[in-house]
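**Q** Have a look at this one.
Each value in this text was obtained by applying a stated rule to the coordinates, not by laboratory testing. Because the structure is predicted, anything quoted here is derived from the model rather than measured. Note that each Cβ is placed from the backbone with ideal geometry, even for glycine, and that neighbours are counted across all protein chains shown.
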Amino acid sequence: MIRLQRHQWIFAGKLFVAAMLAFALAVHLGLPQPYWSLVTCGVVMNPLSGAIRSKAVYRFAGTFCAGITALFLTSLFASTPYLLLAASGLAAATAYAFCAMERTPRSYGFQLYAITMMLLTVAGIDHPERIFDTTLARVTEISLGIIVTTLVDSALFPASMKLTLRGSLRRWLNDINAWMLDVFSAQAREAGVEHDRLKTLADIRALSQLTVQLRYDPQISAGELKHALAIQHRLLRLAPVLSAIHARVHGMTERERDAILPVFEPLQKATQNHEAFDEGTLNAIRELPKALHIEAPWQQLLHDNLADLVEEAGRIWAEIGAIDESLEQRKALPPALRDSVDRTVAAPLPPDFGLAAQSFLVLLGTFALLCGVWKLTGWTQGAGAVLLGVVTLTFYGTSDEPGPAVAQFGRMGLFAMFAGGVFCYGLLPMAADYPTFLLAMALFLVPLGLWSTVNPGAVLVIILGLSSINLQGQYAPPEFSTYVEGSLEGLFGIYMGFLGASIFRSTGIRAALQRFIQQETGEIIALTQESTHELREAYMNRAMDRISSMTTRLAAAGEVQRSVTLLTRLRLGLNIANLKMLSLNSSMAMRAHIEDLLNTLRQELSRPTPSDSLLVKIDQALRTAWHEGQRQSHRATVPGSLVGLRVALFENAPEWRPNP
């Protein structure tokens, strides 16, 4: 037997109270379709207060902007309905493209813009003179639902994400701490372990998507959010550094690894205490080749580079510890670190312009197909099919595999048809007065509200079920045949949405992975041509975002073994960016070697394995740097970047020698 939790009953109760208040007010105000206020409550209500408030803002913005657009287009094309229809389709498709690019909850505003355009212009295409009144009514009804839902949530058990955020930070810190301990104990790399680490990074990266909701959370202050974001930024920045350290240690001989493990022991203790790493330990790493009587210059370069990487990892980890302590215990931060935290903003989520272009074509093509069927057949319920087709695409069309999601939407639509019919023609006729009406509504809304806490698709049953029965202040149901026809045309629109997504865009997990790989290759090639600190940081942000997106897809595609290469490719791009920047201040000879190397990289980045000639050019550049006396004191030097490049591309190559 399923045992319902307290928070589930609270959510269902809040939904019922908000819906009934909004509906009663809409009826009292004489709004033409008061059920839209009720439906809006079902859409906006959420177990978390921050999510409710952010959705309320975006829903109102999308609805209001669509209303303004509908009025503007009507003023231009009122006498030419087909042009009005085409302009509405273009506006909705444009909004859908922006929805595909906007990867935060703000995309909800663009979704509602596209849907509201269909509600206002397509449904009223035969009577454009009524669109102003319809627009004013819809905006008022929806705004009423938004206001009531927000007030009810504020008054009845508001729920914060504060504890969830703190729990996530604690989990991330423990996972990264375990990763660092594995690195400093020279654990072997395994695809499964690497994939689990990438899942942690994806979870950390997801905070950027939630930031817009956390800003609306009444219990999370701006300072707390900045502390959380500062920790997130540093954890993500730490990932390629740990990957590089692991690669250096993994490339050592067994004798070197045995010798370096005692040197790493103080680092493990410092890691657990969030302390900066001791300078003596860093010097011991640099001097290890001499202690082992290894005079090979390559080993010295490797250990110098390793010490610099360890130093950077320790600095970042110590900052994370200080910020976490400040967040948990309200301790003051050092001035420089405090200023850095205060300047922290959410990491931008790069838009996928290719997906946006495909999304524009998908919605526009599907809209044209549905309107063609509607007008050619003279189907009286055709506008509803167009609406449901657009709804299907706006909520499910951008996924890698829209088929299963649309199929689930179709099943929910079929269930909504049944549930709405039972409610409209079974329960409502028995409601003789307001108390019995409330009872009938409770029998419909409360079970669905409870179900939606474990299956968000249940909200669709509320929306589709209540928006198709003409729920008014007095019982005025549609003819049963009209209700059935309207429900079937909605299912037809859902199917056409799926068909449009299949026809007008590439779908599938492997297609998405291929798109990400092409984006990555293009960005690294761009860094070989131009690089600044800002461009490097932007690349790192996009690359971490891409890694997060690819991680779950690799598991779904059964290619977890490729997880090992993702951070390696990130390190490759960062080293190329460093080299391009450093070449500007290098000698003529060094610059010529770097440019020749970058030109070769541009030609070979798309190849599955790098060529031997590329290794030769890396070694030649290293020889020039070595003979010019460029001993590195930090990894962002020409030798350090060349070492990183060589390890990333040729991890198992023979050691480099200063003389061929």
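**Q** Evaluate E = 1/(1 + (r/R0)^6) for residue 603 and residue 130, where r is the Cβ-Cβ distance and R0 equals 56 Å; express this FRET efficiency to the nearest 0.05. Please list the in-between numbers first.
**A** Details: r = 63 Å, r/R0 = 1.12.
My answer for the efficiency is 0.35.
**Q** Of the listed peptides 312-322, 514-524, 567-577, 330-340, what is their order by residue-averaged count of other C-beta atoms within 10 Å, with the highest listed first?
**A** By packing density, highest mean first, the sequence is 567-577, 312-322, 514-524, 330-340.
**Q** Further question on the same structure: About the Cα centre of the chain, what is the dipole size in debye to 20, counting +1 per Lys and Arg Cβ and -1 per Asp and Glu Cβ, all else neutral?
**A** The calculation lands at about 340 debye.
**Q** Could you give the nm distance between label points at residue 517 and residue 422, where each point is 7 Å from its Cα heading toward the beta carbon?
**A** Each label point is offset 7 Å from its Cα along the Cβ direction, giving 4.9 nm.
**Q** Let me ask another. Give me the aspartates and glutamates in straight-line cross-link reach of residue 375: C-alpha distance below 15 Å, same-chain residues under 8 apart excluded.
**A** Once the sequence-local aspartates and glutamates are set aside, what remains near residue 375 is 126, 489.
**Q** Residue by residue through segment 332-345, what is 3J(HN,Hα) from phi via Karplus (6.51 cos²θ - 1.76 cosθ + 1.60, θ = phi - 60°)? Round to whole Hz and write x for glycine and proline.
**A** Ordered by residue, 3J(HN,Hα) equals 6, 8, x, x, 5, 5, 4, 4, 5, 5, 5, 8, 5, 10 Hz.
**Q** Also, quick follow-up: Answer with a single label: of [x] 57, 28, 20; [y] 97, 37, 20; [z] 100, 29, 23, which was calculated as semi-axes √(5λ) of the Cα gyration tensor in Å from the structure in view?
**A** The calculated read-out lines up with [x].
**Q** Take the alpha carbon gyration tensor of segment 1-108, find the square roots of its eigenvalues, order them as a ≥ b ≥ c, and report rounded if a/c is under 1.5; if not, report prolate when a/b exceeds b/c, else oblate.
**A** oblate
**Q** Sticking with this structure for a sec: Among 115-123, 157-165, what's the highest-first ranking by average C-beta atoms within 10 angstrom per residue?
**A** Averaged packing, sorted descending, gives the order 115-123, 157-165.
**Q** Rounded to whole Hz and in sequence order, give me ³J(HN,Hα) for segment 146-163 from the Karplus expression 6.51 cos²θ - 1.76 cosθ + 1.60, θ = phi - 60°, writing x for Gly and Pro.
**A** The phi angles translate into 5, 5, 5, 4, 5, 5, 5, 5, 5, 8, 10, 6, x, 10, 9, 8, 4, 5 Hz.
**Q** Divide by every residue of the chain the summed helix terms, -39500 (n - 2.57) for each DSSP H run of at least 4, and state the resulting mean residue ellipticity at 222 nm, rounded to the nearest 500 deg cm²/dmol.
**A** Helix-only estimate at 222 nm: -25500 deg cm²/dmol.
**Q** How many angstrom lie between the Cα centre of segment 526-564 and the Cα centre of segment 262-324?
**A** For segment 526-564 versus segment 262-324, the Cα centre distance is 27 Å.
**Q** Need one number: nm distance between label points at residue 557 and residue 206, each 7 Å from Cα along Cα→Cβ, rounded to one decimal.
**A** It works out to 2.1 nm between the two label points.
**Q** Continuing with this model, one more query. What shape does segment 51-170 take by its C-alpha gyration tensor, where a ≥ b ≥ c are the square roots of the eigenvalues and a/c under 1.5 counts as rounded, a/b above b/c as prolate, and the rest as oblate?
**A** The shape class here is oblate.
**Q** Through the Karplus equation 6.51 cos²θ - 1.76 cosθ + 1.60, θ set to phi - 60°, convert the phi angles of segment 263-278 into ³J(HN,Hα) values in whole Hz; use x for Gly and Pro.
**A** Computed from phi, the couplings for segment 263-278 are 5, 6, 4, x, 5, 5, 5, 5, 4, 5, 9, 6, 9, 5, 7, 5 Hz.
**Q** Further question on the same structure: Using a 7 Å offset from the Cα along the Cα-to-Cβ direction at both residue 296 and residue 627, what is the distance between the two label points in nm, to one decimal?
**A** Taking the simple label geometry, residue 296 and residue 627 are separated by 2.2 nm.
**Q** Estimate the FRET efficiency between residue 484 and residue 166 by the formula 1/(1 + (r/R0)^6), using the beta-carbon distance for r and 45 Å for R0, to the nearest 0.05. List each step's numbers first, then the result.
**A** On the way: r = 51 Å, r/R0 = 1.13.
Computed FRET efficiency for residue 484 and residue 166: 0.30.
**Q** Which shape class, rounded, prolate or oblate, goes with segment 274-331 when its Cα gyration tensor gives a ≥ b ≥ c as root eigenvalues, a/c under 1.5 marks rounded, and past that a/b bigger than b/c marks prolate?
**A** Numbers: a/c = 7.01, a/b = 3.48, b/c = 2.01.
Prolate shape, in that a/c is at least 1.5 and a/b is the bigger ratio.
**Q** On a full-extension model of 0.36 nm per residue, what is the gain between residue 9 and residue 269, subtracting their alpha-carbon distance, rounded to one decimal in nm?
**A** Working it through step by step, the gained length comes to 88.9 nm.
**Q** Right, here's the next one. Full extension from residue 613 to residue 253: what is 0.36 nm times the residue separation minus their Cα-Cα distance, to one decimal in nm?
**A** 127.1 nm
**Q** Which of the peptides 249-259, 399-409, 204-214 is most tightly packed, and how do the rest follow, going by the mean number of other Cβ atoms within 10 Å of each residue?
**A** Ranking, from highest mean packing down: 204-214, 399-409, 249-259.
**Q** Averaging sequence separations of C-alpha pairs under 8 Å and six or more residues apart, then dividing by the length of the chain, give the relative contact order as a whole percent.
**A** On the way: 871 pairs, mean separation 116.6, N = 660.
Relative contact order for the chain comes out at 18 percent.
**Q** Tell me which lysines have Cα within less than 29 Å of residue 226's Cα, excluding those fewer than 8 residues away on the same chain?
**A** 55, 162, 199, 269, 331
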